[in-house]
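Have a look at the structure below, then the notes.
The values are calculated or read from the model by the stated rules, or taken from the named source; none is laboratory data. Note that this is a predicted model, so its numbers are computed, not measured. We place every Cβ from the backbone using ideal geometry, glycine too, and count neighbours over all the protein chains shown.
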Amino acid sequence: MKQETQVAITRVPILLKLKKYADNRGFFVETFSKELQKQLDLSSSHFVQDNHSYSKKGVLRGMHYQTSPGQDKLVYTLEGEIYDVVVDIRADSPNFGKWQGFHLDSKRGDILFVPHGFAHGFLVLSGHAHVTYKVSSFYSASGEKSFDPLDKTVNIDWPLKEVLLSERDQQAPSWHQAEKL
């Protein structure tokens, strides 16, 4: 009996290289469109809110995620440079607990898609950074989760050793104690 090959399509982080139009006046870049969303097969992501954060060099925000409702994110650095990290928190994933880092720099204009099922955090490498991100669901206090971004089990290789964490992130549970999906 012939067995058919089964393919499982999973949503993974995607780094998008956006086209920048620059001249002596400055530049223009399109950071989001329904057409781009369609091309990337992100049709299930219905972005409902834009967030903007400002942080100084050495600020580490993370590792954050939302369980219910889950959130997809489109992360874009308006000004400055960050090291953006995602960690797979899907218990049934072959990449569970693994992390991946991306350098996002406003000069390059890259954008990062972070699907639901990944914790997200970033470290500011430049003097300061303005970061915006679209989210696919509204904030839910009961669904808000995090784990320690300096946890040795996950062992993220942050490019700066001296970091500034919020009180909330300092008190975040360890990887083993954190709720997963």
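Quick check on S106: is it among the polar types (S, T, N, Q) and within 23 Å of Q49 (Cβ to Cβ)? Here the answer is yes, as S106 does meet what is asked. Residues that are under 29 Å from Q37 (Cβ atoms), part of a loop (DSSP other than H, G, I, E, B) and modelled with pLDDT of 95 or more do occur in the stretch 72-81. Taken over the stretch 82-113, residues that are modelled with pLDDT of 95 or more, of a type in the set (V, I, T) and not in a loop (DSSP other than H, G, I, E, B) amount to 4. Take S53 and decide whether it is on the phi < 0 side of the Ramachandran plot and out of contact with any strand residue (DSSP E or B) (no Cβ under 7 Å at 6 or more places or on another chain). No; evaluated as a whole, the condition is false for this residue. Scan the stretch 127-139 for residues that are surrounded by fewer than 16 Cβ atoms within 10 Å (Cβ to Cβ) and farther than 19 Å from Q49 by Cα and the total you get is 2. In the stretch 103-128, the residues that are free of Cβ contacts under 8 Å to residues at least 60 places away in the same chain form Cβ pairs under 6 Å with partners that are among the charged types (D, E, K, R), at six or more places apart or across chains, as follows: L104/D84; L104/D110; D105/E81; S106/E79.
Take the conditions exposed (fewer than 13 other Cβ atoms within 10 Å of the Cβ) and either more than 17 Å from the chain's Cα centre (by Cα) or more than 29 Å from D157 (Cα to Cα) (or both) and apply them to G58. Does it pass? Quick ask: steps written out before the conclusion?
Numbers: exposed (fewer than 13 other Cβ atoms within 10 Å of the Cβ): no; either more than 17 Å from the chain's Cα centre (by Cα) or more than 29 Å from D157 (Cα to Cα) (or both): yes.
No: the conditions fail for G58.
Checked against (1) in contact (Cβ under 8 Å) with a residue 40 or more places away in the chain; (2) surrounded by 15 or more Cβ atoms within 10 Å (Cβ to Cβ); (3) within 23 Å of L18 (Cα to Cα); (4) not aliphatic (A, V, I, L, M), Q66 meets all criteria but (3). Look at the stretch 28-41: where a residue is closer than 16 Å to R108 by Cα and touching a residue at least 40 places away in the same chain (Cβ under 8 Å) and a partner is among the small types (G, A, S) and not in a helix (DSSP H, G or I), sitting 6+ places away or on another chain with Cβ atoms under 7 Å, you get V29/G109. When the stretch 146-157 is filtered for residues that are closer than 16 Å to I82 by Cβ and either aliphatic (A, V, I, L, M) or crowded, with 20+ Cβ neighbours inside 10 Å (or both), the ones remaining, listed by number, are P149, I156. Considering each of Y54, Y65 in turn, give the residue that is over 23 Å from H176 (Cβ atoms), part of a strand (DSSP E or B) and at pLDDT 95 or above. Criteria check complete, one pass: Y54.
The set of residues from the stretch 139-153 being of a type outside the set (G, A, S) and within 16 Å of the chain's Cα centre (by Cα) comprises Y139, E144, K145, F147, D148, P149. Looking across the stretch 114-133, the residues that are of a type outside the set (G, A, S), in a strand (DSSP E or B) and over 12 Å from the mean Cα position of the chain (by Cα) come down to V124, H128, H130.
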